[in-house]
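Let me begin by presenting the structure, written as structure tokens, before commenting on it.
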Amino acid sequence: MEIMGTTLANLANANTTETAAGGPYRRRNVIFSTESVGSDFGDTLAMLGEGPQSVAVTGIVEDKTPPRMVFDPGHPDADKDGYVAFPNVNPVTEMVDLQTATRAYEANVQVVNATKRMAESALAIGA
């Protein structure tokens, strides 16, 4: 899952003050979009309204929020005024995102399991 990997990368780099590109690590956000799901049932629903849709990852972008400036004149990456630019990563926000992704995955598993049980029950009726 893209969101979990991106969130874990954000957490892992929460204190990275110098990257290969220069400057502190910049938080990454996952961009989602909806896609229509094509099926006969979907076509029928489409006539009634929006129709069924799924969510897909469109891309991953850097957050443009400025870095968090912390006064630490002894830090090797401190500027001339003694401030260090830390990543714009908030561990609390990242943990909430991780928990949300986990719950969404669990909900999807429950839907698949319920669909499977309904199909099995329908097959048992015909037997």
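Rule-based calculations on the coordinates, nothing more; no lab input. Just so it is clear, the structure is predicted and the values come from calculations on it, not from any experiment. Glycine also receives a Cβ, built like all others from the backbone with ideal geometry; neighbour counts cover every protein chain displayed.
The label point for MET95 and the one for ASP79, both projected 7 Å from the Cα toward the Cβ, are 3.0 nm apart. The order of the peptides 81-87, 14-20 by mean Cβ neighbours within 10 Å, most packed first, is 81-87, 14-20. The calculated FRET efficiency for LYS116 paired with LEU11, based on their beta-carbon distance and R0 = 25 Å, is about 0.15. Report note on the peptides 95-104, 109-118, 70-79: ranked by the mean count of other C-beta atoms within 10 Å, highest first, their order is 95-104, 70-79, 109-118.
Counting Lys and Arg as +1 and Asp and Glu as -1 over every other residue whose Cβ lies under 15 Å from the Cβ of TYR83, the net charge comes to -3.
Annotation: amide H of THR16 within the under-5 Å range of TYR25, sequence separation 5 or more or interchain, hydrogens built in the peptide plane.
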